[in-house]
Amino acid sequence: MPPFAASSLTLQDVHQQFGLQRGYVDSYSDLLTLEPLTEYEQQDVLQTREDWNDHLATGSVSEGQVKLLSIGPLLRLARFYHRPLRIWAEEGITQIQISDGEQVITGRLDILAVHSEQLTPDSSPFWVLVIESKGSAISPSAGLPQLLTYAYSRLQQQQKVWGLVSNGEYYRFVQIQAGAMSQYALLPSLNLTDVHSAQQIVQVLKAIRQAQVDALPVLSVAG
């Protein structure tokens, strides 16, 4: 059977093929410890919001612009560009293949943050956050099947994967966990154009970094 693209999957396909169960978490504080932002960070968020609104006012924003104007600046502010993290962009990520019976699913990640020193048991980089982006005219929910497909492919290497789908304005974080029945939790949607919500996006990113990076022991590979 020829391979097919992850982008062609629906949410129902993902549920059926991978046995993933959906759940909801009503508050970020149930899973993460959110710390207040500094005054500098708050001002930086406001500048990102202003830049975004300026471009959005002239029409829809493309997926590439979403990464540059919205997602990228917020990742920088949350220190995702600092060691020990490394950012892999789409052009630098090898196609992944997920075997499911006789079917093979292929796809390419938009943005992936990995721990450059923390390794999984198979000696591959530890995934900190996987991001699927869409243009501003598309609902972030449209990227959820792809995101879940990529995250599912990692559940044999690590117990938990954090994900994010965004169209630049709306941000939806997801936590995917392995288990007897793999499941994912959708967290409340956040909006870059709302001041409090925009600040919370950065708080969540920083908390994920803290939980997935700073709290992990560094594993080494025997030479």
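The values are calculated or read from the model by the stated rules, or taken from the named source; none is laboratory data. Being a predicted model, the structure only gives us computed values, none of them experimental. Heads up, the Cβs are rebuilt from the backbone with ideal geometry, glycines too, and the neighbour counts pull from every protein chain shown.
Things to note:
- Conditions (1) at pLDDT below 95; (2) within 24 Å of LYS206 (Cα to Cα): number failed by SER182: (2)
- Search result, residues across region 26-42 that are of a type in the set (Ser, Thr, Tyr) and not in a loop (DSSP other than H, G, I, E, B): TYR28, SER29, TYR40
- Selection within region 43-67: residues that are surrounded by fewer than 15 Cβ atoms within 10 Å (Cβ to Cβ) and part of a helix (DSSP H, G or I). The member of this set that is nearest to the chain's Cα centre (by Cα) is GLY64.
- Residue check, ASN167 surrounded by 17 or more Cβ atoms within 10 Å (Cβ to Cβ) and at pLDDT 90 or above: yes
- Residue in region 142-161 that is more than 12 Å from the chain's Cα centre (by Cα) and within 22 Å of LEU68 (Cβ to Cβ) present: yes
- For beta carbons closer than 7 Å, sequence separation of 6+ or different chains, a first residue in region 3-25 that is hydrophobic (A, V, I, L, M, F, W, C) and in a strand (DSSP E or B) and a second that is modelled with pLDDT under 85 and surrounded by fewer than 16 Cβ atoms within 10 Å (Cβ to Cβ), the qualifying pairs are ALA5/THR106.
- Filter pass, SER70 being at pLDDT below 95, of a type in the set (Gly, Ala, Ser) and either over 24 Å from ILE201 (Cβ atoms) or touching a Gly at 6+ places or on another chain (Cβ under 8 Å) (or both): no
- Selected residue (criterion: surrounded by the most Cβ atoms within 10 Å (Cβ to Cβ)) from residues of region 68-79 that are in contact (Cβ under 8 Å) with a residue 24 or more places away in the chain and not hydrophobic (A, V, I, L, M, F, W, C): SER70
- Which listed residue is outside any strand (DSSP E or B), over 16 Å from PHE18 (Cβ atoms) and either β-branched (Val, Ile, Thr) or in contact (Cβ under 8 Å) with a residue 40 or more places away in the chain (or both), from LEU109, LEU144, LEU129: LEU109
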